[in-house]
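To start, the structure itself, in structure tokens.
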Amino acid sequence: MGNIELDTVDLEILRVMQNDARISNKDLAAMVGVAASTCLDRVARLRTSGVITGQRIQVDAAKLGRPLEAFLYIQVRPHRRPLVEPFVDHLLAQPEVRAVYHLTGPDDFLAHVATDTSQGLQRLVLDQLTVRDEVVRVLTNLVFQHWPGGPLLPPGATGNNGSTGR
């Protein structure tokens with residue numbers, strides 16, 4: 001589906017909901033300056049059109065016993081279509097894996113992982129990744145700190161508050 005037309009109210013709804021997906025429709029409508037019924041219709045349209053794809057919570061990995069986060073850059077050979085889906089399924093089946101990206105460049109996949117200890121990270125790399133025939137190399141970068149980005153809006157768009165997304 002292609003891009004859909006979004007006006008300033010739609011953009012403000014997206015900005016507010018990306019900062020707080022649990023906001024009530026009544027409060028959201030008041031913040032963006034429309035009637036509650038109009039706001040409900042607009043959110044429904046944003047969902048139906050695929051602009052809003054879901055609502056998620058953010059969790060603190062450390063408070064769940066996984067304080068060590070890392071990015072694993074994984075190179076596989078052969079890098080062919082029949083390998084991609086099974087390899088991604090294998091990655092996503094690992095409880096430490098938070099997200100997987102298929103890349104261009106020297107590395108084929110990027111996996112964001114959260115483990116309990118450095119030994120847990122080592123087990124993941126050695127017992128679940130480098131043992132696989134297609135895995136040529138795994139480069140590990142530890143995460144010291146993380147700052148979430150602001151709401152995602154179309155290029156050049158601003159919400160009612162005049163901001164460009166932050």
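Only one of (1) modelled with pLDDT of 95 or more; (2) under 16 Å from Arg132 (Cβ atoms) fails for His79. Which number is that?
Exception for His79: condition (1).
Go through segment 75-109 and count every residue that is more than 17 Å from the chain's Cα centre (by Cα), surrounded by 11 or more Cβ atoms within 10 Å (Cβ to Cβ) and of a type in the set (D, E, K, R).
Residues flagged as more than 17 Å from the chain's Cα centre (by Cα), surrounded by 11 or more Cβ atoms within 10 Å (Cβ to Cβ) and of a type in the set (D, E, K, R) within segment 75-109 amount to 3.
In segment 52-66, is there at least one residue being open to solvent by less than 60 Å² (accessible area, probe 1.4 Å), outside any loop (DSSP other than H, G, I, E, B) and touching a strand residue (DSSP E or B) at 6+ places or on another chain (Cβ under 6 Å)?
Step one: filter segment 52-66 for residues open to solvent by less than 60 Å² (accessible area, probe 1.4 Å), giving 52, 54, 61-62, 65.
Cutting the leftovers down to outside any loop (DSSP other than H, G, I, E, B) gives us 61-62.
Imposing the further condition that a residue be touching a strand residue (DSSP E or B) at 6+ places or on another chain (Cβ under 6 Å) reduces the set to 61.
Yes, the conditions are met somewhere in segment 52-66.
Taking only pairs six or more apart or across chains, which ones have beta-carbon atoms under 8 Å, a first residue in segment 82-102 that is aromatic (Phe, Trp, Tyr), and a second residue that is open to solvent by less than 90 Å² (accessible area, probe 1.4 Å)?
Final answer for the pair search is Phe87/Val76; Phe87/Phe109; Phe87/Arg132; Phe87/Glu134; Tyr101/Phe109; Tyr101/Leu110; Tyr101/Ala111.
For the subset of segment 18-48 comprising residues that are in contact (Cβ under 8 Å) with a residue 60 or more places away in the chain and open to solvent by less than 80 Å² (accessible area, probe 1.4 Å), which member is nearest to the chain's Cα centre (by Cα)? Can you show your working first?
Of the residues in segment 18-48, the ones in contact (Cβ under 8 Å) with a residue 60 or more places away in the chain are 18-19, 32-33.
Narrowing further to those that are open to solvent by less than 80 Å² (accessible area, probe 1.4 Å): 32-33.
Details: Val32: 25, Gly33: 29 Å.
Among residues in segment 18-48 that are in contact (Cβ under 8 Å) with a residue 60 or more places away in the chain and open to solvent by less than 80 Å² (accessible area, probe 1.4 Å), the one nearest to the chain's Cα centre (by Cα) is Val32.
Please verify whether Arg15 is under 19 Å from Pro148 (Cβ atoms) and free of Cβ contacts under 8 Å to residues at least 60 places away in the same chain, treating the condition exactly as stated.
So Arg15 does not fit the description; no.
Could you check how many residues of segment 124-166 are more than 24 Å from Pro106 (Cβ to Cβ), surrounded by 15 or more Cβ atoms within 10 Å (Cβ to Cβ), modelled with pLDDT of 90 or more and not hydrophobic (A, V, I, L, M, F, W, C)?
1
If you go through segment 127-134 one residue at a time, do you hit one that is of a type in the set (S, T, N, Q) and within 24 Å of Leu83 (Cβ to Cβ)? Talk me through it step by step, then tell me what you get.
Keep residues of segment 127-134 that are of a type in the set (S, T, N, Q), which gives 128, 130.
The next check asks that each one be within 24 Å of Leu83 (Cβ to Cβ); those that pass are 128, 130.
Yes, the conditions are met somewhere in segment 127-134.
Mind telling me which of the residues Pro155, Pro151 ends up being touching a helix residue (DSSP H, G or I) at 6+ places or on another chain (Cβ under 6 Å), in a loop (DSSP other than H, G, I, E, B) and of a type outside the set (A, V, I, L, M)?
Numbers: Pro155 fails: touching a helix residue (DSSP H, G or I) at 6+ places or on another chain (Cβ under 6 Å).
Pro151 is the lone residue from the list that is touching a helix residue (DSSP H, G or I) at 6+ places or on another chain (Cβ under 6 Å), in a loop (DSSP other than H, G, I, E, B) and of a type outside the set (A, V, I, L, M).
Which residues, counting only those in segment 20-43, are among the small types (Gly, Ala, Ser) and not in a helix (DSSP H, G or I)?
Within segment 20-43, the subset among the small types (Gly, Ala, Ser) is 21, 24, 29-30, 33, 35-37.
Residues satisfying the conditions are Ala21, Ser24, Gly33, Ala35.
The values are calculated or read from the model by the stated rules, or taken from the named source; none is laboratory data. In this text the structure is predicted, and so the values were computed from the model without any measurement. Quick reminder, even Gly has a Cβ in these numbers, built from the backbone with ideal geometry, and neighbours come from all protein chains shown. What goes into the accessible areas is simple: the full protein's heavy atoms, side chains included, and nothing from ligands, DNA or RNA. Shrake-Rupley method; radii C 1.70, N 1.55, O 1.52, S 1.80 Å.
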